[in-house]
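Bear in mind that the values in this text are calculations on the coordinates, not laboratory data. Here the structure is a predicted model, which means the values were calculated and not measured. Neighbour counts are summed over all protein chains in view; Cβ atoms, including those assigned to glycine, are modelled from backbone coordinates with ideal geometry.
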Amino acid sequence: MRKKLSLVLALLLVFGLVPKADASSSPFSDVPTSHWAYDAILEAYEDGVVQGTGHNVDGAAIFNPSGKVTIAQFNAILTRAFYPKEIKYAEPDDWAIKNYGGLARNFKVGFSHGLFASLDTLPHELSRVEMAEMMYHLLEEEGIPYPDRQELEKIKSKIPDINTTTHDYAVSYCYYFGLLTGVDIKGNFTPMGTVTRAQTAVIYVRLKNIIEPVREAAGPPTLTNGQLVTEENVLALMEEYRNGKEPGERAKQAGFTSYMDRAAYDPYNPPYSIMKSDLGSGTECAKFAFAFFDDIFGTDAFMHKVASYADIRPGDLIHWDGHWAIAMERPYYEINFDGVGHWVVHHVGGGGGQISGGSIGWGGNPWSVDGDNMIAAYTRYPD
């Protein structure tokens with residue numbers, strides 16, 4: 001896969017990154033078709049990544065191409081462009097709502113993907129070096145192959161002021177992919193320089209033309225066994241684990257040796273956490289459910305809450321009051337002994353204590369997913 005991605009990127013770098021948009025008129029009165037960034041602004045606008053800033057006295061829409069961009073706005077552009085589905089399901093905390101307002105969901109998504117790593121997250125005017133760092137983390141998150149270190153050193157040697165920033169690796173990385181260039185005839189980068197809205201649109205198009213072909217080459221999402229994410233394939237993989245398929249490496253490091261019925265595990269040491277989630281570290285039943293969830297869909301698969309119990313599918317992570325488990329089927333309607341009907345589901349779960357230890361159980365009596373003890377369910381199926 002790395003070789004395939006490298007070939008795609010090489011072709012992109014050879015044949016250019018920014019295609020011309022086909023448009024005869026501008027949607028913004030202050031961005032004529034002769035504007036140097038017209039094509040990129042139009043493309044970013046049509047992609048729904050950027051918007052206008054209002055209207056002039058004549059009522060015509062304006063873009064304000066020379067306006068400065070904040071770190072919150074740049075993060076919003078990156079997340080709208082590359083993680084739009086995640087914005088829909090993001091649940092920002094009070095800090096994000098207070099500091100980011102209408103962009104709080106975008107902050108939540110950007111933060112979960114590490115775009116703010118090593119940066120000040122409080123909203124402020126974006127600098128060129130912060131932009132480079134965020135793009136570096138984005139490409140890293142997308143699995144873009146690293147350039148040869150010697151090549152990066154060669155690039156660094158051509159940037160006179162590269163030693164004025166501690167983010168020199170991110171800057172040279174962005175230079176290598178043609179995302180950034182110098183700002184003057186000497187080739188200075190000017191780390192603390194600001195970024196305009198027009199420049200940001202151009203940057204977006206360059207990123208888009210790197211990331212989209214790589215995603216296309218990677219193909220649709222797959223389970224940990226390489227099969228497409230379908231209910232049938234999830235059930236088949238779960239059955240493999242039930243019959244003795246070994247847990248993944250992270251699960252092994254957490255002490256799991258098997259997911260077979262009645263298999264034992266240490267319910268506490270160490271705990272297990274799902275990366276890029278707010279669920280925290282799991283022990284006892286949560287430890288098993290988190291690990292098994294990862295070993296079905298993979299640690300990088302996007303996770304979000306399901307809208308209702310009717311949307312639960314095999315492999316989904318279910319949280320009841322006091323218990324975590326993995327669904328073995330879709331919910332079905334059942335009338336219990338007192339004549340009351342409920343939507344229920346069979347599941348595979350773990351549990352135990354410090355004295356008895358932990359063990360895994362498959363099946364058993366179905367649990368209600370529409371009762372008061374139901375808290376939430378999470379899925380990794382693509383929409």
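Among Asp278, Asp261, Asp168, which one shows the highest mean-square fluctuation when the chain is modelled as a Gaussian network with alpha-carbon springs under 10 Å?
Asp278
Per Stokes-Einstein, at 10 °C and 1.306 mPa s, what whole-number D in µm² s⁻¹ belongs to region 83-145, with the Kirkwood radius over Cα pairs as the hydrodynamic radius? Before the final figure, lay out the partial values.
Details: Rh = 12.3 Å.
Translational D for this selection: 129 µm²/s.
Which entries of Lys98/Lys287; Lys108/Lys186; Lys208/Lys276; Lys85/Lys156; Lys108/Lys245; Lys154/Lys186 have Cα-Cα distances beyond 27 Å here?
Checking Cα-Cα distances, Lys98/Lys287; Lys108/Lys186; Lys85/Lys156; Lys108/Lys245 exceed 27 Å.
For the chain, what's the relative contact order in percent, using C-alpha pairs closer than 8 Å and at least 6 residues apart? All intermediate terms of the calculation are to be shown ahead of the outcome.
Working: 632 pairs, mean separation 48.4, N = 383.
Relative contact order here is 13 percent.
At what distance in angstrom do the alpha carbon centres of region 36-80 and region 183-249 lie from each other?
The two parts, judged by their Cα centres, are 25 Å apart.
Against the globular-protein guess of 2.2 N^0.38 Å, express the Cα radius of gyration of region 325-383 as a ratio, rounded to two decimals.
Working: Rg = 13.8 Å, N = 59, 2.2 N^0.38 = 10.4 Å.
Cα Rg divided by the expected 2.2 N^0.38 Å: 1.33.
When the convex hull of the Cα atoms of region 185-269 is projected onto a plane and the area is averaged over all directions, what value comes out in nm²?
Working: hull surface 45.5 nm².
Dividing the Cα hull surface by four gives the mean projection, 11.4 nm².
Within 10 Å of each residue's Cβ, count the other Cβ atoms and sort Arg206, Arg330, Arg262 from fewest upward.
Numbers: Arg206 21, Arg330 15, Arg262 9.
In increasing order of surrounding Cβ atoms, one gets Arg262, Arg330, Arg206.
Counting Lys and Arg as +1 and Asp and Glu as -1, what is the net charge of the other residues whose Cβ lies under 11 Å from the Cβ of Val50? Display every interim value, and only then the final one.
Details: positive: Arg80, Arg197; negative: Glu43, Glu46, Asp47.
Summing Lys/Arg as +1 and Asp/Glu as -1 gives -1.
What order do you get for Leu235, Leu115 when you list them from fewest to most C-beta neighbours inside 10 Å?
Working: Leu235 15, Leu115 27.
Lowest count first: Leu235, Leu115.
Relative to the longest principal Cα axis of the chain, at what angle does helix 71-82 sit, 0 to 90 degrees, rounded to 10?
Relative to the chain, helix 71-82 is tipped by roughly 60 degrees.
Please compute the net charge surrounding Leu115, taking Lys and Arg as +1 and Asp and Glu as -1 over other residues with Cβ under 9 Å from its Cβ. Each step should come with its number before you reach the end.
Values: positive: none; negative: Glu133, Glu141.
Result for the neighbourhood of Leu115: -2.
Does region 2-218 come out rounded, prolate or oblate by the C-alpha gyration tensor, with a ≥ b ≥ c the root eigenvalues, rounded set by a/c under 1.5 and, if not, prolate when a/b is larger than b/c and oblate if not?
Numbers: a/c = 1.38, a/b = 1.21, b/c = 1.14.
Rounded, because the longest to shortest axis ratio a/c is under 1.5.
Under 8 Å for C-alpha pairs, at least 6 residues apart: give me the relative contact order for region 231-379, rounded to a whole percent. List each step's numbers first, then the result.
Numbers: 311 pairs, mean separation 34.9, N = 149.
Reported relative contact order: 23 percent.
Just Pro92, Pro123, Pro331 to compare: in a GNM of the chain, with alpha carbon springs under 10 Å, which one fluctuates most?
Between Pro92, Pro123, Pro331, it is Pro123 that shows the largest mean-square fluctuation.
Let a ≥ b ≥ c be the square roots of the eigenvalues of the Cα gyration tensor of region 152-194; is it rounded (a/c under 1.5), or, if not, prolate (a/b larger than b/c) or oblate? Intermediate values should be presented prior to the final figure.
On the way: a/c = 1.26, a/b = 1.17, b/c = 1.08.
Rounded, because the longest to shortest axis ratio a/c is under 1.5.
Using alpha carbons only, what's the Rg to Rh ratio of region 62-173 with Rh from Kirkwood?
Reported Rg/Rh (Cα atoms, Kirkwood Rh): 1.01.
According to the Cα gyration tensor, what semi-axes, each the square root of 5 times an eigenvalue, does the equivalent ellipsoid of the chain have, listed from largest to smallest in whole Å?
Numbers: eigenvalues 417, 120, 73 Å².
Square roots of five times the eigenvalues give 46, 24, 19 Å.
Binned at 5 Å from 0, what are the whole-percent values of the Cα-Cα distance distribution for region 231-379, short to long?
Whole-percent P(r) values from 0 Å outward: 2, 10, 20, 24, 21, 14, 6, 2, 1, 0.
Ser34 to Val183: FRET efficiency via 1/(1 + (r/R0)^6), r the Cβ-Cβ distance, R0 25 Å, to the nearest 0.05? Write down the numbers at each step before the final one.
On the way: r = 22 Å, r/R0 = 0.90.
With R0 = 25 Å, the Cβ-Cβ based efficiency is 0.65.
Using the crude model of +1 on Lys and Arg Cβ and -1 on Asp and Glu Cβ, and no other charge, please compute the dipole size for region 231-379 relative to its Cα centre, in debye to 20. Please report the intermediate quantities before stating the final value.
On the way: 10 positive and 21 negative charges, 70 e Å.
Computed charge dipole of region 231-379: roughly 340 debye.
Do any chymotrypsin sites (Phe, Trp or Tyr not before Pro) in region 244-282 lie in a loop, going by DSSP, with at most 16 other beta-carbon atoms within 10 Å of their beta carbon, and if so which? Before the final figure, lay out each step's value.
On the way: sites: Phe256, Tyr259, Tyr265, Tyr268, Tyr272; in loops: Phe256, Tyr259, Tyr268.
For chymotrypsin sites (Phe, Trp or Tyr not before Pro) across region 244-282 that sit outside H, G, I, E and B with at most 16 neighbouring Cβ atoms in 10 Å, the list reads Tyr268.
Sort Glu240, Glu130 by Cβ crowding within 10 Å, fewest neighbours at the top.
Working: Glu240 13, Glu130 22.
Fewest-to-most Cβ neighbours within 10 Å comes out as Glu240, Glu130.
Dipole of region 2-218 (Lys/Arg Cβ +1, Asp/Glu Cβ -1, origin at the Cα centre): which of Pro213, Ile185, His124 lies farthest to the positive side?
Of the options given, the answer is Pro213.
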